[in-house]
Amino acid sequence: MILRIVRRVLGIPQPAISKERALAIAQGVSEQRGWPWPLPVRCSAGLRHYTVAYWDPHCKRTCYCIKIDMQSGAVIKAAVSPR
């Protein structure tokens, strides 16, 4: 609700893709890179992109993060952050 109001005030268009579509895109990126895809994953909405983040089930210190543009569905960033 608040993000919708902030987008309207700033003139940012509403998302063209849903969270479910963003999750499907992120799962495809993970499969292409050979990353695990455990459930559950976290998908959070920002002003201009979705962030999908999850932990490796075999190594709790490895975090995978994929950012997806809300308008085009393009992958902005896909990174692994081992600790």
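Only the coordinates and a few stated rules stand behind these numbers; no lab work does. Quick caveat, the model's predicted, so the values are computed rather than measured. Quick reminder, even Gly has a Cβ in these numbers, built from the backbone with ideal geometry, and neighbours come from all protein chains shown.
Using a simple charge model, +1 on the beta-carbon of Lys and Arg, -1 on the beta-carbon of Asp and Glu, nothing else, what dipole does region 15-82 show about its Cα centre, in debye to the nearest 20?
180 debye
Quick check: pseudo-label points 7 Å beyond the Cα along Cα→Cβ at Q14 and L47, how many nm apart are they?
Between Q14 and L47, the label points sit 1.9 nm apart.
For V6 and I76, compute 0.36 nm times the residue count separating them, minus their Cα-Cα distance, and round to one decimal in nm.
23.0 nm
Quick check for you: which residues of region 58-83 have the amide N under 12 Å from the point 7 Å beyond the Cα of Q32 toward its beta carbon?
Within reach of a label on Q32, which here means backbone N under 12 Å from a point 7 Å along Cα→Cβ, region 58-83 contributes 74-78.
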